[in-house]
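To keep things clear, I will list the structure first and then write my remarks on it.
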Amino acid sequence: MTIISVFPSPTGTPIADAVAQAAAGDVVLVHDGTYSEPAVTISISNVKVVAKHEGGAVREGSNGAAAAFIISANSGVEINGFVIQNYIAAAAGIIVVTGTNHRIIGNTVINTLGAGINLNVGTGHVVWRNRVQNSSGVSGIFIASSSNWIVQNVASKNTGSGISLGGSNNAIVGNVISENGSPGISSIGTNNNFIYGNTATLNSMGGVSVTSAGAVLLRNLVEKNTGNGISVAGANGYLGGNDSDDNTQTGIAISSNFNSLEFNEMEFNQNYGLSISGNENTAFGNRFKGNKPTQISITGQDNNLF
């Protein structure tokens with residue numbers, strides 16, 4: 001393993017030059033400063049591009065670059081510790097276009113035209129401890145691929161959702177999602193995503209919206225969103241131990257079939273605590289308080305509540 005140190009240059013492309021020299025297992029160590037060079041493409045597997053001090057190395061996109069980092073290697077690339085800002089002509093701040101098991105860790109992504117972080121393809125990626133805000137794309141963090149870990153990120157004040165799931169078998173764990181222009185977490189079109197321990201507050205169009213089948217939602221805190229706290233339109237989901245309180249519409253709204261709801265809390269929502277318009281759902285052990293106009297609305301058929 002070789003460590004290749006990088007320092008700012010007013011005219012050159014120091015990060016791209018170092019990445020071009022790197023072999024599998026090498027670390028490109030980027031020292032503090034502002035780097036305005038064009039998009040850096042990492043095409044060699046198992047190369048780490050790391051800011052020496054988290055938040056000290058700044059990728060500045062006001063030059064019209066396509067992205068800060070484009071990952072096209074087969075596997076194992078890591079982008080760690082950068083501030084990525086003002087990519088207003090870009091598809092994303094960081095975008096994965098090929099490969100598996102890449103890692104995006106500890107970055108701050110601010111003011112992008114597209115998604116802050118875009119996992120367009122591949123499986124097994126880890127997105128951990130990033131902060132994404134003021135993106136103008138479909139979401140702050142966009143996942144079109146499958147079997148990824150999206151853990152302990154902060155996604156706020158994005159035009160679209162905080163986190164959007166277009167792939168299957170993803171784990172969304174311990175994220176804080178607030179003040180986004182669409183649902184805080186949106187899971188669309190694909191199946192079997194795991195949404196655990198997230199906090200979704202003050203989002204427009206709802207806290208968590210699931211249209212895919214087989215989703216598992218556990219122990220999420222969903223409060224003070226405009227719209228429903230949690231909406232489920234996919235079948236065969238499981239909701240356990242979620243708190244959905246103080247939302248302008250329904251605490252938990254189920255419009256699909258064969259879902260199970262156990263030990264959730266719904267308090268002080270403005271259009272029912274629980275609304276079930278789908279069929280053959282089961283709900284038990286749930287707690288209600290102060291919802292308007294009543295605690296529960298059931299319009300579907302063959303639902304079981306106890």
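The values are calculated or read from the model by the stated rules, or taken from the named source; none is laboratory data. Computed from a predicted structure; not experimentally measured. Every residue, glycine among them, receives a Cβ derived from its backbone with ideal geometry; neighbour counts consider all protein chains shown.
What the table below lists for this structure:
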read-out: Test: residue in region 85-92 that is in a strand (DSSP E or B), aliphatic (A, V, I, L, M), closer than 20 Å to GLY162 by Cβ and touching a Leu at 6+ places or on another chain (Cβ under 7 Å); value: no
read-out: Residue that is surrounded by fewer than 14 Cβ atoms within 10 Å (Cβ to Cβ) and within 22 Å of LEU202 (Cβ to Cβ), where the choices are GLY290, GLY273, GLY285, GLY251; value: GLY290
read-out: Pair list, Cβ under 7 Å, 6 or more apart: region 155-182 residue in a strand (DSSP E or B) and hydrophobic (A, V, I, L, M, F, W, C), other residue modelled with pLDDT under 95 and surrounded by fewer than 24 Cβ atoms within 10 Å (Cβ to Cβ); value: LEU165/ILE188; LEU165/THR190
read-out: Residue in region 148-158 that is touching a His at 6+ places or on another chain (Cβ under 9 Å), of a type in the set (Ser, Thr, Tyr) and either crowded, with 18+ Cβ neighbours inside 10 Å or closer than 24 Å to VAL49 by Cα (or both) present; value: no
read-out: Boolean, SER209 is within 25 Å of SER168 (Cα to Cα) and surrounded by 18 or more Cβ atoms within 10 Å (Cβ to Cβ); value: yes
read-out: Scope region 183-198; condition in a strand (DSSP E or B) and either in contact with a Gly (Cβ under 9 Å, 6 or more places away or on another chain) or among the acidic types (Asp, Glu) (or both); matching residues; value: ILE185, SER186, SER187, TYR196
read-out: Qualifying positions in region 5-43 - modelled with pLDDT of 95 or more, of a type in the set (Val, Ile, Thr) and either closer than 17 Å to SER62 by Cα or surrounded by 19 or more Cβ atoms within 10 Å (Cβ to Cβ) (or both); value: VAL6, ILE15, VAL19, VAL28, VAL30, THR34, VAL40, ILE42
read-out: Identity of the residue in region 234-244, more than 20 Å from GLY300 (Cα to Cα) and part of a loop (DSSP other than H, G, I, E, B), that ends up nearest to the chain's Cα centre (by Cα); value: ASN242
read-out: Region 245-298, residues that are in contact (Cβ under 8 Å) with a residue 24 or more places away in the chain, β-branched (Val, Ile, Thr) and not in a strand (DSSP E or B); value: THR250
